[in-house]
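Peer 1: I am attaching a structure below and will ask some questions about it afterwards.
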Amino acid sequence: MTDPVYLDNAATTPLDPRVLESMLPHLGGRRGNPSSLHAFGGAAREGLEEARDRVASLIGASPEEILFTSGGTESDVLAILGLARSAGPQKRHAVVSCVEHAAVRETAERLHSEGFEVCWIGVDADGLVDPAEFADALRPDTALAAVVWANNEVGTVEPVPELAEICAEKGILFHADAVQAAGRIPIDVSEAHISTLALSGHKLYGPQGIGALYVRNGVSLEPIIYGGGQEKGLRSGTQNVAGIAGLGTAARLAREEMEDRTTHERALRDRIMAGTAEIPDVFVNGHRERRLSNNVHLTVKGIEAESLVLFLDSLGYAIGSGSACSSGRHKASPVLVAMGLSEREAFSVVRITVGKENTSEEVEGFLGAFSTAVAQLREISPLYAG
């Protein structure tokens, strides 16, 4: 039996061997708490600051604008709550898109429970936010706005620099979740008017359980974790030095290899889109051009997504049903509903996301398996009348 083929890179990417190599010293003989004054602590601090510089370089930031977290979710939550709670009593309004990751969406709902008024901005059928509608939603009492840079489900890339500039002109803070975008889309926060930006290691061929938050110089945040005052007092707790070292290496490699990686991914993505288009009643969700280089999100009419994912898994191909971050919740995706899909259609979607390690031979094998799986499942499906 051949090795299984992994096509779920939006859920998590495999750890790059070069990243692992950079982590191993901190997992073995190189001990030390970065807050300690002795030489062991100094070595840990040195590794920490080297990684901070590398993460900053990936997005055009200054190293002092980067703080480390446990991942993209914590970065999003800290940004949304931190910006809102530090905005003052006269600013109790927030603008949030309907296609945010659950970390932003549910944190915005938390703000609502604390007395904030949250305005949810809709999207078109491709999942795109309209800048004019966005601008109209902003008010003098708006504390912050949040729009994901690239949607984690359908892969649509939002006009974030334009939206951030609209906010800057009105003196409103702007948060961008760039967890899926970083490493695939060039980001330069020194030019874009972004206040905070979230990153995650395991979407960049780095380790799980580590992330970063960019906080523009001069922007105030209220912390959500208290303790020893690490990370400028914004994220207390002894830093995960090994994970941070891995994130730093992953960020460096992403910056150096971005063009080659995205060119490779785009070719595989386009082949999958073309191949699946030959099957009746299979439709691509999200914008056809303004989309991530690795993302193919499909509605497969007449089939429950979970059945298709499990069937393909039995054939040796791992794909996702919607978003891994919302797995286990049997309810329609708010993102797909916002894009106009019916609840039934929202339960018939799958997400195929290629990565730098996938090959054209694997894609061709997947297309054959996908066609077989769809045909056999439709034969027994009471939902398909095609």
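Peer 1: Could you tell me which label, among (1) 22.4; (2) 16.6; (3) 19.6, carries the value of mean projected area of the Cα convex hull in nm² calculated for this structure?
Peer 2: Matching entry in (1) 22.4; (2) 16.6; (3) 19.6: (3).
Peer 1: Between residue 185 and residue 220, what FRET efficiency comes out of the Förster formula 1/(1 + (r/R0)^6) with R0 = 25 Å and r the beta carbon distance, rounded to 0.05? Each step should come with its number before you reach the end.
Peer 2: Working: r = 28 Å, r/R0 = 1.10.
Calculated transfer efficiency: 0.35.
Peer 1: Check each of the GluC sites (Glu not before Pro) in the range 181-284 and keep only those in coil by DSSP with at most 14 other C-beta atoms within 10 angstrom; list them in order. Provide the component values of the computation, followed by the final result.
Peer 2: Details: sites: 191, 231, 256, 257, 259, 265, 278; in loops: 191, 278.
Those satisfying the criteria are 191, 278.
Peer 1: Of the candidates 315, 163, 27, which one comes out as most mobile in a Gaussian network treatment of the chain with C-alpha springs shorter than 10 Å?
Peer 2: Result for the chain, Cα springs under 10 Å: 27 fluctuates most.
Peer 1: Can you pull out the trypsin sites (Lys or Arg not before Pro) in the range 289-386 whose DSSP state is coil and whose Cβ has at most 12 other Cβ atoms within 10 Å? Intermediate values should be presented prior to the final figure.
Peer 2: Numbers: sites: 290, 291, 301, 329, 331, 344, 351, 356, 378; in loops: 290, 301, 329, 331, 356.
In loop regions of the range 289-386 (DSSP not H, G, I, E or B), the sparsely surrounded trypsin sites (Lys or Arg not before Pro) are 329, 331.
Peer 1: Could you give the length gained on full extension between residue 106 and residue 137, defined as 0.36 nm per residue of separation minus the Cα-Cα distance, in nm?
Peer 2: Working: separation 31, 0.36 × 31 = 11.16 nm, distance 1.98 nm.
My answer for the length gained is 9.2 nm.
Peer 1: Within straight cross-link reach of residue 203, meaning Cα distance under 29 Å, which lysines are found once same-chain residues fewer than 8 apart are removed?
Peer 2: 232, 331, 356
Peer 1: Still on this structure, please answer the following. Net charge within 14 Å of residue 57 by Cβ-Cβ distance, Lys/Arg positive one each and Asp/Glu negative one each, not counting residue 57 itself? Please report the intermediate quantities before stating the final value.
Peer 2: On the way: positive: 52, 54, 252, 255; negative: 49, 50, 53, 64, 65, 188, 256, 257.
Once positives and negatives cancel, what remains is -4.
Peer 1: Expressed in nm to one decimal, what extension gain is obtained for the pair residue 117 and residue 278 from 0.36 nm per residue of sequence separation less their Cα-Cα distance?
Peer 2: Numbers: separation 161, 0.36 × 161 = 57.96 nm, distance 4.60 nm.
Extending this stretch completely gives an extra 53.4 nm.
Peer 1: What is the local net charge at residue 242, summed over the other residues whose Cβ is closer than 12 Å to its Cβ (Lys, Arg +1; Asp, Glu -1)? Don't skip to the end; give the middle numbers.
Peer 2: Working: positive: 30, 31; negative: 21.
That sum, taken over residues with Cβ under 12 Å, equals +1.
Peer 1: Return the loop-located GluC sites (Glu not before Pro) in the range 58-143 (DSSP other than H, G, I, E, B) with at most 16 other Cβ atoms within 10 Å of their own Cβ; answer none if there are none.
Peer 2: When the GluC sites (Glu not before Pro) of the range 58-143 are filtered for loop state and at most 16 Cβ neighbours within 10 Å, 114 remain.
Peer 1: Using Cβ counts within 10 Å as a stand-in for footprinting exposure, how do 234, 310, 37 rank, fewest first? Don't skip to the answer; put the middle values down first.
Peer 2: Values: 234 19, 310 14, 37 9.
Ascending Cβ contact count within 10 Å gives the list 37, 310, 234.
Each reported figure results from applying straightforward, stated rules to the coordinates on display, with no laboratory input. Model, not experiment: these values are computed from the prediction. Glycine gets a Cβ as well: all are built from the backbone with ideal geometry, and neighbour counts include every protein chain shown.
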